[in-house]
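The values are calculated or read from the model by the stated rules, or taken from the named source; none is laboratory data. Please read all numbers here as calculations on a predicted model, not as lab measurements. Every residue, glycine as well, gets a Cβ built from its backbone with ideal geometry; the counts of neighbours run over all protein chains shown.
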2 protein chains.
Amino acid sequence: MPKSVYLAGPEVFLSNAREILDLKIALTREAGLVPISPGDLELPKTDSKWELGLAISAIDEKLMHSADAIIANLTPFRGLAADTGTCFELGFMCAQGKPAFAYTNVKADHGERTRAHFSGVWSTDERGFPRGPDGMMIEDMGFVDNLMLHGGVVNRGGAVVVGDAPVGQELTDMAAFRRVLAIAAERLR
Amino acid sequence: MPKSVYLAGPEVFLSNAREILDLKIALTREAGLVPISPGDLELPKTDSKWELGLAISAIDEKLMHSADAIIANLTPFRGLAADTGTCFELGFMCAQGKPAFAYTNVKADHGERTRAHFSGVWSTDERGFPRGPDGMMIEDMGFVDNLMLHGGVVNRGGAVVVGDAPVGQELTDMAAFRRVLAIAAERLR
């Protein structure tokens with residue numbers, strides 16, 4: 001029985017969402033896994049956008065409960081960090097003890113990106129941790145994003161693949177996804 | 001037996017982290033709940049910052065498994081959206097079916113903040129959804145952040161409190177936290 005994988009990521013927001021989601025779905029099938037894609041749901045009829053949002057959330061949670069594993073796209077989305085919905089979903093699957101895998105299409109890690117956000121201005125506190133000019137700690141563990149995300153994947157035996165997509169293709173490039181998919185297919189066999 | 005609440009939020013990064021975490025802990029106790037604060041952990045001794053990150057992640061996951069409920073601070077952090085670690089933690093608790101509560105200290109909702117990010121330049125697609133100048137969809141459900149977060153809380157009977165902290169006090173103001181704490185204390189009684 002092939003294992004199913006929930007494909008979490010910000011692709012649903014893309015202008016060519018259907019094309020990119022279909023590509024990820026096809027690649028997942030080719031890898032011998034069953035894709036579960038949140039973008040596949042039929043939008044339920046509701047009386048307001050508020051109710052529509054709640055309905056989509058409930059459907060996606062059900063899809064996650066049905067999935068055997070997750071592959072989360074943690075590529076930075078509209079700023080420094082991963083899409084918040086994807087982060088929620090990664091935590092959701094980790095709490096169920098399911099195998100978790102992640103990838104990013106941006107090579108610079110969380111610490112590097114945060115330093116760049118502060119134009120490279122930072123200092124080191126008495127415990128040796130870097131802090132930005134606003135005094136706030138810069139988490140700098142060599143992880144792709146906040147330690148709960150990267151740690152959640154690694155601590156349950158998953159893999160985090162770091163890609164390096166061409167500028168402008170960070171949300172559509174498939175190189176890192178193909179790599180993490182191959183690892184997931186091997187481990188879930 | 002008083003219920004315990006995991007206090008998720010980006011406060012651990014603040015320059016006055018200890019002070020703010022202690023304040024949240026004290027307020028939680030006053031409300032008759034047992035605070036479980038990720039900032040309370042003793043940093044484990046490890047050979048590298050990489051291992052330190054993994055160790056903290058594992059400790060925080062254990063704390064979450066032990067907690068009865070969560071209050072997540074979804075105030076935007078270094079950009080448009082909530083702290084990614086907090087989003088992971090909210091998903092982690094929701095997957096366990098535990099009561100979830102959230103708050104933000106910023107009044108503008110997710111759609112408003114995203115429009116502002118695009119300097120107010122957006123258009124409507126054929127399904128009636130707003131899109132930014134890059135063609136990407138602007139999620140605009142009236143929620144404080146991505147629908148998985150707001151929906152996850154509301155769909156399991158929790159509350160999302162929207163505050164309006166003075167500029168510069170978005171990460172330290174306690175007004176919205178006090179309000180959501182009162183609601184959580186009432187519902188968890």
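For (1) among the basic types (Lys, Arg); (2) farther than 21 Å from B:Arg179 by Cβ; (3) surrounded by fewer than 15 Cβ atoms within 10 Å (Cβ to Cβ), each residue gets a yes or a no:
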site: B:Ser4; (1), (2), (3): no, no, no
site: B:Ile25; (1), (2), (3): no, no, no
site: B:Glu30; (1), (2), (3): no, no, yes
site: B:Lys45; (1), (2), (3): yes, yes, yes
site: B:Ala55; (1), (2), (3): no, yes, no
site: B:Pro76; (1), (2), (3): no, no, no
site: B:Leu80; (1), (2), (3): no, yes, no
A:Lys45 being over 27 Å from A:Lys107 (Cα atoms) and not in a helix (DSSP H, G or I): yes
Meets criteria (closer than 20 Å to B:Pro76 by Cα and outside the structural domain of B:Leu90 (by TED's automatic domain parsing)) for B:Ser123: no
Residue match in the stretch B:75-95 (condition: among the hydrophobic types (A, V, I, L, M, F, W, C), touching a residue at least 12 places away in the same chain (Cβ under 8 Å) and away from chain A (no Cβ under 12 Å)): no
Single residue of the stretch B:57-74 satisfying the filter (surrounded by fewer than 18 Cβ atoms within 10 Å (Cβ to Cβ) and small (Gly, Ala, Ser)) that is nearest to the other protein chains (Cβ to nearest Cβ): B:Ala58
Failed item in (1) farther than 20 Å from A:Asn73 by Cα; (2) crowded, with 16+ Cβ neighbours inside 10 Å; (3) among the charged types (D, E, K, R), with B:Glu89 passing the rest: (1)
Residue count, the stretch A:127-162 (criterion: in a loop (DSSP other than H, G, I, E, B) and at negative phi): 17
Count of residues meeting criterion [closer than 20 Å to A:Leu33 by Cβ, crowded, with 17+ Cβ neighbours inside 10 Å and without any contact (Cβ under 8 Å) to a residue 12 or more places away in the chain] in the stretch A:133-189: 0
Hey, B:Glu112 free of Cβ contacts under 8 Å to residues at least 12 places away in the same chain, over 18 Å from the mean Cα position of the chain (by Cα) and under 17 Å from A:Gly53 (Cα atoms) or not: yes
Search result, residues across the stretch A:107-120 that are within 14 Å of chain B (Cβ to nearest Cβ) and either outside any loop (DSSP other than H, G, I, E, B) or among the aliphatic types (A, V, I, L, M) (or both): A:His110, A:Gly111, A:Glu112, A:Arg113, A:Thr114, A:Arg115, A:Ala116, A:His117
Condition check for B:Val167: out of contact with any helix residue (DSSP H, G or I) (no Cβ under 6 Å at 6 or more places or on another chain) and closer than 30 Å to B:Lys98 by Cβ: no
